[in-house]
Structure formats: C-alpha cells, structure tokens
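Notes for the one structure printed next.
The values are calculated or read from the model by the stated rules, or taken from the named source; none is laboratory data. Treat the numbers as computed from the prediction; the structure is a model and nothing was measured. So basically every Cβ, Gly included, is an ideal-geometry build from the backbone, and we count neighbours across all protein chains shown. Please note that ligands, DNA and RNA were not included when accessible areas were found on the heavy atoms of the full protein model with its side chains. Shrake-Rupley method; radii C 1.70, N 1.55, O 1.52, S 1.80 Å.
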Amino acid sequence: MTRFGRHWLGSIRLVLTICGLPHTGSVSGISAGNLYTTHIRTMPPSVSPHEKSRCPQYPGSGINRLRVPDDKVDWSRDWPEYTAVDYTSPVVMKRPIWADPNIDAFSPRFNVLDGAVDRTSFEGNYRVEQGRPLNPRGRTGLAGRGLLGRWGPNHAADPIVTRWKVDAKDKKVFHPVSKQPILQFVSIKRLDCGEWAIPGGMVDPGELVSLTLQREFSEEALNSLAATPSEKAKIHERITKLFSSPGFQVYKGYVDDPRNTDNAWIETVAMNFHDEEGTSVGGLPLQAGDDAGQVKWVDLDSAVPLYASHSQFLAVVANERRAHW
C-alpha cells in the first residue's frame with residue numbers, strides 16, 4: 001500500500017468497483033472538462049440492495065460486519081437493536097493527505113462542496129445523524145470509514161478504453177457466433193485479489209473528472225510515472241488525442257463496493273473512450289503501473305470473469321458500440 005488518488009495505497013487505490021442502480025436515460029454533456037455523453041443503456045438492477053457492501057468480512061482486516069438481511073437494509077426499516085461494528089483502518093487513522101480527521105476532530109459540511117472536497121452525492125441529499133453521514137443505499141453492518149478516506153461520498157473516476165480487435169491485415173475480427181465485431185478494453189490485474197478489472201482511481205480535491213480519467217489511465221495502464229521524458233511525451237500526445245475525443249458516460253452514481261460502510265461510500269463516473277482507428281492508445285505498448293500486477297487488452301465477452309460488477313459496464317459499452325457481448 002502506498003497512496004490514495006495520487007496518494008492511494010497500492011491495494012486500496014486500485015479500481016473501485018462499480019455496481020448498484022444506474023441513473024439511466026438521455027444525458028447531455030457534463031461539466032468535467034472534455035467529457036461528452038451520448039445516451040446510456042439501461043443496466044439490470046442488482047439482485048439485492050448493495051450486497052457487496054455487506055460482505056461478511058471487511059477487506060484487508062479481520063473485522064466481521066454485523067449481518068444485515070435484505071429487509072433491514074433500508075434506513076426507514078425499524079431496527080432498534082441495530083448496532084454496527086465501528087471500524088476505521090489504522091492506515092486511515094494515521095491521517096494521510098487523502099483522509100479526513102476523525103469525526104469528532106473537525107466539522108465537515110455535508111451535502112455541499114466543502115472547500116475543495118466534494119461532499120455532494122449523485123444520489124441526492126443524504127441523511128446526517130449524530131454528526132455522521134448515512135450511506136444512501138442503507139445499512140452495511142459496519143460504521144466508521146473502513147479503508148475510505150472521506151466521511152460521506154468518496155468520488156472516483158473509471159476510464160473504459162476500447163479498440164476494435166483486428167487481424168494481421170488490420171481488418172475487424174467478428175465473433176463466429178454473434179457475427180458482431182469484437183471490442184477489446186484495457187484491463188488491469190488487481191494486486192489485492194488477482195482479478196481483472198477496469199483501471200481507475202479517486203478524484204483529487206478540486207480536480208476535474210476529465211483529468212482524473214486521463215491521469216489514472218496513464219499511471220495504471222501505461223506506467224507513465226516510470227517513463228523517460230521522450231516516452232512521456234509520446235504517451236501524453238496519444239492520451240490527449242484519445243481523451244479529447246467524444247466519449248460517452250456509461251455510469252454515474254453509487255458504487256456497490258466491499259469497502260463501503262454506513263458512513264463512507266464510493267461513487268463514480270465511468271466513461272468510455274474508444275480508439276476507433278487504433279492510432280492513439282491502441283498502438284501504445286501497455287505497461288502496468290505500481291498499482292497493477294499486469295495490464296493487457298481483453299476481448300469484451302460476457303463469459304470473461306471480471307472483478308465485481310465491471311462486466312455490467314462493459315455490457316453497456318458493447319451495446320453502445322454494437323459489438324459482440
């Protein structure tokens with residue numbers, strides 16, 4: 001572990017899993033730099049309310065959550081006996097630059113932009129009780145912040161970078177069953193669990209989402225931090241070309257993630273940037289950064305196992321691009 005956002009700790013900073021119910025429908029461009037949106041396809045709802053946020057054992061610890069049945073998740077359900085286990089990781093308690101102080105040591109302003117820290121939620125206004133924000137999706141069985149730095153929403157950005165799979169003659173490869181062209185996306189292998197996932201990370205205070213998307217992809221998939229000056233110039237040129245192109249918003253909202261607690265949770269903006277001609281990022285050699293074990297182009301296919309619910313996002317991308325899934 002090393003850092004969060006720019007300072008993310010290795011196994012913490014890796015892709016923050018995306019799940020939960022999306023905000024679907026037609027959307028216009030969002031004010032986040034060079035981000036543009038088309039339309040978002042409807043993703044299937046979760047089988048049960050934020051089930052990954054209620055995993056029995058909190059990740060990176062020996063702490064067990066209080067079991068929360070489906071019918072008790074919503075805060076509106078009466079449960080006077082509910083007493084969640086209170087846990088904040090020792091790493092967070094050491095007050096790294098990306099973490100808030102303990103709740104009794106400062107007075108954050110919730111549901112607003114609190115200085116440079118965005119404490120607003122894509123879910124709308126969330127409740128605050130006894131000075132602590134409440135997870136808008138309900139109980140998780142664990143209070144405190146766990147591995148998360150911020151009380152309330154912790155904002156992330158996830159770039160889904162795609163290209164067409166081509167043969168030796170640069171012709172699109174079509175799937176033998178679906179007869180549709182095959183898309184490939186850049187995937188990293190998480191160090192904490194060994195599963196393949198979409199690269200991404202946290203939005204730094206005051207940072208535009210567009211810059212986070214570009215920075216995180218450069219650092220995690222192209223290892224730009226370790227590149228030589230000439231290599232960095234080449235990476236910057238190709239990356240700028242791709243991330244300046246129109247992309248579409250795949251998802252914006254709550255993330256069903258095992259790191260979530262009653263008082264801290266992850267929200268994200270996931271964008272798809274497509275290298276249609278394979279001349280920008282599609283031609284760069286991939287190299288894993290310090291937060292990823294491996295990185296490679298992976299074919300979009302419903303049969304490919306991926307970390308958490310990332311396959312839901314890729315299904316939306318395949319549908320939008322009229323590709324095999």
Projected label distance in nm at residue 276 and residue 105, using a 7 Å step from Cα toward the beta-carbon:
5.2 nm
Going from most exposed to least, what order do 150, 109, 119, 132 have by accessible area with a 1.4 Å probe?
109, 132, 150, 119
Cα-only Debye scattering, segment 100-142: base-10 log of I(q)/I(0) at q = 0.23, 0.28, 0.32 Å⁻¹
-0.90, -1.17, -1.26
Please work out the FRET efficiency for the pair residue 304 and residue 71, using the Cβ-Cβ distance as r and a Förster radius of 41 Å; give the result to the nearest 0.05.
0.75
When all protein chains stay in place, what accessible area (Å², nearest 10, 1.4 Å probe) is found for residue 243?
10 Å²
Using alpha-carbon coordinates alone, the radius of gyration and Dmax of segment 55-125 in Å work out to 15.4, 38
Can you list the lysines whose alpha carbon is less than 25 Å from that of residue 72, not counting same-chain residues fewer than 8 positions off?
52
Ignoring ligands, DNA and RNA, what percent of the 1.4 Å accessible area of segment 96-248 is carbon and sulfur?
54 percent
I'd like to check one number: the per residue accessible area of segment 139-262, probe 1.4 Å, reported in Å² as a whole number.
36 Å²
